Amino acid sequence: MNTETPALSRPDYRLGRGHDAFVRANRVIPGGVNSPARAFGAVGGEPPFVARAEGAYLFDIDENKYIDYIGSWGPMILGHVHPVVRSAVAEALELGSSFGAPTVREVEIAEAVVAAVPSIEKVRFVSSGTEAMMSAVRVARGVTGRSKIIKMAGHYHGHSDALLVRAGSAATTLGMPNSPGVTAGAVQDTILCPFNDVRAVADALARFPGQVAAVLLEPIAGNMGLVPPEPGYLAALRELTETHGTLLIFDEVMTGFRVAFGGAQALFGITPDVTALGKVIGGGLPAAAYGAAAEVMNQVSPAGPIYQAGTLSGNPLAMAAGLATLRLLDAEPPYARLERLSARLAEGLDRAATDAGIPHVVQRVGSMLTLFFHDGPVRNYDDACRSDTRLFARFFWEMLARGVYLPCSQFEAAFVSTAHTEDDLDQTIQAAREALQAIRNF
Ligand code: KE4
């Protein structure tokens, strides 16, 4: 892993205690982190260690304060330690942290999800987006009796074997493992297509008639940087999958309750067959879910034969945090304000990069956005990979040194929360102006 911190124009920025913590962490945790996304592999150097968070801010153990645009990679749409969410969790904790038995609160949040997402008549809670998507794929295969699945290059659906694939040789559409330990057998039925390419999906469906259980995708890609669906793309996939008797799975782990209360499917008016949710629905605690029409979900154990289970599924504390979050989002929908704030940030970053004469494009949907160091629209993973990731790494560190914590990879989306103020955004834009001027002169 590249551990070199790029040279900074603000050498006064220090991570002394963070360095010691990282050295100590590396002795007992692989790479010193419990998820690779946090390890700064894409930007070099060592990650700050967080001491606490509040509203739109993170505070590290070196007493640096940051305006936070990771938001725990999406869950913290209401900002950190929201008082209503905090007290909901505290109250739930008084009653117990985990029972392994059903609770009414699980029913309440399930009813909230069903009310918010019309395509979901029944929903099963799990503990991570990986579990949600792994289960959604199993349900699609179980319900259709088919084996093959189509996923999009650059889309991330968690780390279940069948979904850890990379493009095979150009001649084939069948994926190849992208991690040791993932066997060829595990991915032999996974077909990769470029995002925003209807023809590629049509060809794959024609190549394997009656064999494709599902087409699955992030309806708005966030895991290669923010890449929106092109006009008509989602509708075309809906039509193609209907024609072929293939299920359409929307991975809304990131977009669910983020881009609209009903998710991307509400924003674009496209109804998938199965939806995965996560992040926001846990309110910062471990919870995710998958849902579909009752006739599909009634195939899931114990109602039906398709097995799926989890010790901490529907955990009372996570349900309390998630339900409090959904109720706040429903009672006072923040989406118009998030749109205004996020547009202000996107325009400011765009202007700053233009004034610095740096080739770039800012792509955004709602409160998810990415500044790509790439001259021109990013439509798919190949485009994204042509971004100047070295320049991004320098930009990232110049921003960190100025108290702005962006996602630590060009291939991630930044998140704006209801806790961000106009002043936070203006500070961010000013920091970006300075950072972009600094890196253009390096
Ligand atoms: P988890 O298993 O990490 O809860 O969810 C997997 C997942 C599924 N689907 C989408 C669209 C996702 O974005 C994710 C997880 N997102 C990454 C960041 N982009 C999580 C960060 C991490 O891996 O630490």
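We did not get these values from a lab; they are worked out from the coordinates using the rules stated. Just so you know, these numbers come straight off a predicted model, no measurement behind them. A quick note on method: Cβ atoms are made from the backbone with ideal geometry, for glycine too, and the neighbour counts reach across all protein chains shown.
Of the Cα atoms belonging to the stretch 83-331, the radius of gyration and Dmax stand at 17.8, 59 Å. Placing +1 on the Cβ of every Lys and Arg and -1 on the Cβ of every Asp and Glu, with nothing else charged, gives the chain a dipole about its Cα centre of roughly 720 debye.
With labels modelled as points extended 7 Å from the Cα through the Cβ direction, what inter-label distance (nm, one decimal) is found for A303 paired with R440? Those two pseudo-labels are separated by 5.7 nm. If you take the Cα centroid of the stretch 364-410 and the Cα centroid of the stretch 283-316, the two points sit 35 Å apart. Counting only the Cα atoms, the chain fills a convex hull of 143 Å³ per residue. With 0.36 nm allotted per residue and the present C-alpha distance subtracted, the A51-A293 stretch has 82.8 nm of extension available.
Working from Cα positions, state the angle (0 to 90°, nearest 10) between the long axis of helix 104-116 and the longest principal axis of the chain. Once rounded, the angle reads 90 degrees. Model label points for H159 and V33, set 7 angstrom from Cα along the Cα-to-Cβ axis, are 1.2 nm apart.
With each label modelled as a point 7 angstrom along the Cα→C-beta vector, the T421-E347 pair spans 2.1 nm. Over the stretch 377-439, the ratio between the Cα radius of gyration and 2.2 N^0.38 Å evaluates to 1.20. Enter the angle in degrees (range 0 to 90, nearest 10) between the Cα long axis of helix 83-95 and the first principal axis of the Cα atoms of the chain, meaning the one along which they spread out most. With rounding to tens, the tilt is 60 degrees. Extension gain, L95 to T354: 0.36 nm times the residue separation minus the Cα-Cα distance gives 87.8 nm. Restricting the trypsin sites (Lys or Arg not before Pro) of the stretch 1-36 to loop positions (DSSP other than H, G, I, E, B) with no more than 15 neighbouring Cβ atoms within 10 Å leaves R14.
Three principal axis extents describe the C-alpha atoms of the stretch 28-163; from largest down they are 54, 40, 30 Å.
The length gained by stretching the chain between V104 and T311 to full extension, at 0.36 nm per residue less their Cα-Cα distance, is 72.8 nm. Considering only Q363, P302, L329, and ranking their Cα positions along the charge dipole of the stretch 246-376 that arises from unit charges at the beta-carbon of Lys, Arg, Asp and Glu, the one farthest toward the positive end is L329.
Roughly what angle does helix 16-28 make with the longest principal axis of the chain, taking Cα atoms, 0 to 90 degrees, to the nearest 10? Taking the Cα atoms of the chain, the angle to 16-28 is about 40 degrees. Cα centroid separation, the stretch 18-48 to the stretch 217-241: 33 Å.
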